[in-house]
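Novice: Quick one: this structure, given as structure tokens, is what I'll be asking you about.
The numbers here are math on the coordinates, done by the rules we state, and not lab data. Being a predicted model, the structure only gives us computed values, none of them experimental. So basically every Cβ, Gly included, is an ideal-geometry build from the backbone, and we count neighbours across all protein chains shown.
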Amino acid sequence: MRRREFVTLLGGAAATWPVVARARRPAMPVIGFLSSFTTNPRFVAAFRQGLGEVGFVEGQNVGIEYHWAEGGQYDQLPTVAADLVSRQVAVTVASPIPAALEAKAATTTIPIVFAIGSDPIESDLVTSINRPGRYITGVSFFSVALGAKRRELLRELLPKVASIAFLVNPNNTNADLQRI
């Protein structure tokens, strides 16, 4: 009789072990993804691929909260950024500059990684390229500055063209720089 009780006890413990192990597992970290426009699927796929290359797979060992300002409506960004902060994400990824600025305004404790096209110092995102800050870092492609150079080269290539038109979102913080 004792043998049966022992086997039952051992079997019961073995059956409950996965439940106990799962209960002790730390919560999955969540990345907040903040953008000032509805991002195209290729950008999101590249983001996921980059995470995968360093061992993070969405739904397996990391969660991602995607938040957009629909249709480039920048007035939605403060609310969207505050929502990410209230969800206590582990880190916020923000792009382009309007989203990065709102992420910075929303928190001083949640790390922020930005990907922007303008100068992060001129945009008042960081104080130094070498030492961006305690909780904010990222990459800048300096495409705004390079845009002026591209227009200059275009004028040299096509000197007889009287005017060149291009589209700029007037609500973008870099709109004035892009008009030069």
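Novice: Using the crude model of +1 on Lys and Arg Cβ and -1 on Asp and Glu Cβ, and no other charge, please compute the dipole size for region 30-142 relative to its Cα centre, in debye to 20.
Specialist: My answer is approximately 280 debye.
Novice: Put +1 on the Cβ of each Lys and Arg and -1 on the Cβ of each Asp and Glu in region 56-174; which of P78, A148, L158 then has its Cα farthest toward the positive end of the dipole?
Specialist: The residue sitting farthest along the positive end of the dipole is L158.
Novice: Let me ask another. If you filter region 117-159 for chymotrypsin sites (Phe, Trp or Tyr not before Pro), then keep DSSP loop positions with at most 11 other Cβ within 10 Å, what is left?
Specialist: Nothing satisfies the criteria.
Novice: Beta carbons within 10 angstrom, averaged per residue: use that to sort the peptides 75-85, 46-56, 149-159, highest first.
Specialist: Those peptides, ordered most packed to least, come out 75-85, 46-56, 149-159.
Novice: Let me ask something additional. Given C-alpha coordinates of region 30-142, what is the ratio Rg to Rh with the Kirkwood estimate of Rh?
Specialist: We get a ratio of 0.94 for region 30-142.
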